[in-house]
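Enquirer: Below you'll find the structure I mean.
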Amino acid sequence: MTELPARKLVKQLIPALLAGVGSALVLVLMDLIAETWLHHLIWETLPSALGFTHDSRWWIFIVLTFAGVAVGLTVWLIPGHAGPDPATVGLMHAPSPVSTVPSLLLAAIIGLACGVSLGPEFPILGANVSLAIAFGARMLPQVTSSQWAGLASAGTIGALFGTPIAAALMLTETLATQKSDESLWDRLFAPLAAAAAGGLTALALSSGGTMSMNLPAFPGLRLPGFLAAFAIAMAAAIVGLAATWVFPRLYRLFHQLRHPFVILVAGGVCLGLLGALGGEITLFKGLEQMQELATRYSSESAGALAAITGIKLLALLVAGVTGFRGGKIFPAVFIGAAFGFLVHALLPSIPVSLTVACSVLGITLAITRSGWISIFVAAALVPNPVVLMVLAITVLPAWLIVTGRPEMIAGQPVAVTPSRA
């Protein structure tokens with residue numbers, strides 16, 4: 001007798017909940033180590049003890065150079081070599097052996113704590129997928145490795161954004177390319193359960209922050225506003241495309257150094273120089289810095305906002321091509337917000353909430369090539385029903401700009417020479 005669809009879906013809840021809760025716990029632990037304990041040590045305790053201020057240009061340079069050395073040693077010497085180079089694979093890449101997880105998480109924690117301009121999404125997705133496949137197969141061997149990978153990915157995305165909505169949007173893009181006799185919602189059922197479990201677990205264990213920015217209320221929109229929204233999103237998408245064009249060329253330039261340790265040290269030095277030039281606002285993954293920028297953008301000149309945008313974009317490119325383990329989504333959101341504040345400074349008659357939302361949409365779309373996630377993050381920053389409607393329309397001309405263009409992925413990775421130590 002054929003099993004009823006509802007009963008089949010209910011059986012998927014146990015592995016979904018295990019994957020979601022487990023993925024969130026790994027993320028929360030990584031955040032606790034990197035962004036609480038080590039962050040306090042590196043940016044408060046040590047500079048005070050050594051006679052620096054936490055925002056000293058010299059201290060920023062020292063810390064980011066140290067990050068290059070530490071991550072370089074991790075990639076070079078520690079077994080697993082921190083997994084694949086994020087510059088050479090997409091966010092949803094093939095699972096790595098579980099033996100890569102310790103070095104991958106270590107490299108990610110160092111980068112996050114030291115202020116490297118990358119987010120946690122790439123390493124935490126890779127680590128959670130590998131862990132789910134390795135340990136899930138032992139607990140519930142009837143669940144396939146590909147199913148565990150999908151559930152861990154969904155649970156991790158739910159935990160990263162604190163909601164299953166982001167996971168649902170990203171998964172619909174993935175599932176749309178796969179042929180199946182099942183309905184879309186049957187295929188989404190277990191991943192959404194995993195994403196919900198991950199999001200709720202992360203919210204329960206974290207401070208419960210929000211991506212929403214404290215911007216002036218959106219005054220409404222008429223036809224000229226739509227035209228401005230189209231132009232802003234398309235201009236931001238062009239900036240993002242320029243970055244994707246530079247990415248593989250910068251990758252080849254740095255990789256003339258050949259050895260991953262040397263490449264990462266050079267990347268750390270460059271990031272230190274950029275950080276010293278741009279200040280603390282241009283460091284880290286960018287969410288807290290974006291909230292800070294939202295409180296001071298009105299007192300910044302257009303030149304200063306352009307410098308912040310450009311330095312952060314360069315920092316993302318350098319960190320991405322030199323082998324630091326991290327993701328591009330969160331820095332792209334900061335870059336988009338900074339570009340939006342710049343547009344408002346140049347064209348103050350356009351509401352700042354509109355310039356920020358459309359700029360985030362365009363930049364994120366060009367860098368991630370995910371229409372749904374770009375709409376989601378832009379709408380999360382400026383939560384307004386009218387803005388959401390504008391974004392749903394504005395994504396269309398922006399997509400025409402980016403579709404068919406090369407993605408932000410470089411060539412083959414540099415081979416890592418195993419240590420003889």
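Enquirer: Report, in whole Å, the centroid distance computed from the Cα atoms of the range 279-351 and the range 1-55.
Expert: Each part's Cα centre sits 25 Å from the other's.
Enquirer: Could you count how many Lys pairs in the chain have their Cα atoms under 30 Å apart, skipping same-chain pairs fewer than 8 positions apart?
Expert: 6
Enquirer: Along each principal axis of its Cα atoms, how long is the range 223-402 end to end? Whole angstroms, biggest number first, please.
Expert: Sorted largest first, the three principal extents are 54, 35, 22 Å.
Enquirer: At a 10 angstrom cut-off on C-beta neighbours, averaged per residue, how do the peptides 236-247, 308-319 rank from highest to lowest?
Expert: Taking the mean over residues of other Cβ atoms within 10 Å, the ranking is 308-319, 236-247.
Enquirer: Which residue, chosen from 371, 66, 204, occupies the Cα position most advanced towards the positive end of the dipole of the chain, where the dipole is computed from +1 (Lys, Arg) and -1 (Asp, Glu) charges on Cβ about the Cα centre?
Expert: Farthest along the dipole direction, towards plus: 371.
Enquirer: Run lengths n ≥ 4 of DSSP H only: what is the helix-derived mean residue ellipticity at 222 nm for the chain, with -39500 (n - 2.57) per run over all residues, to the nearest 500?
Expert: Value at 222 nm, helices only: -22500 deg cm²/dmol.
Enquirer: With +1 on each Lys and Arg Cβ and -1 on each Asp and Glu Cβ, how big is the dipole of the chain about its Cα centre, in debye rounded to the nearest 20?
Expert: The dipole magnitude comes to about 660 debye.
Enquirer: When the Cα centres of the range 128-168 and the range 370-406 are compared, how far apart do they sit, in Å?
Expert: A separation of 27 Å, based on Cα centres.
Enquirer: To continue, here is another question. List the relative contact order of the chain as a percent without decimals, with contacts defined as Cα pairs under 8 Å and 6+ residues apart.
Expert: Normalised by residue count, the contact order of the chain is 24 percent.
Enquirer: Between residue 205 and residue 40, what length comes free when the chain is fully extended (0.36 nm per residue of separation minus the Cα-Cα distance, one decimal in nm)?
Expert: 57.5 nm
Enquirer: May I pose another question? Expressed as a rounded percentage, what relative contact order does the range 253-373 have, with Cα pairs under 8 Å and six or more residues apart?
Expert: Worked out over the range 253-373, it gives 25 percent.
Enquirer: Using the membrane-span-like helix rule (whole DSSP H runs, Cα extent along the own axis of at least 27 Å, mean Kyte-Doolittle hydropathy at least -1.0), which helices of the chain qualify?
Expert: Those that clear 27 Å and a mean of -1.0 are 13-32, 57-77, 184-205, 223-254, 302-321.
Enquirer: With charges only on Cβ, +1 for K and R and -1 for D and E, what is the dipole size of the range 223-402 about its Cα centre, in debye, rounded to 20?
Expert: Roughly 580 debye, rounded to the nearest 20.
Enquirer: Based on the mean of other beta carbon atoms within 10 Å per residue, what is the order of 150-156, 262-268, most packed first?
Expert: Order by mean packing, descending: 150-156, 262-268.
Read-outs throughout are calculated quantities, based only on the coordinates presented, and are distinct from any laboratory measurement. Worth saying up front: this structure is predicted, and the values here are computed from it rather than measured. Positions of Cβ are backbone-derived with ideal geometry, glycine not excepted, and every protein chain shown enters the neighbour counts.
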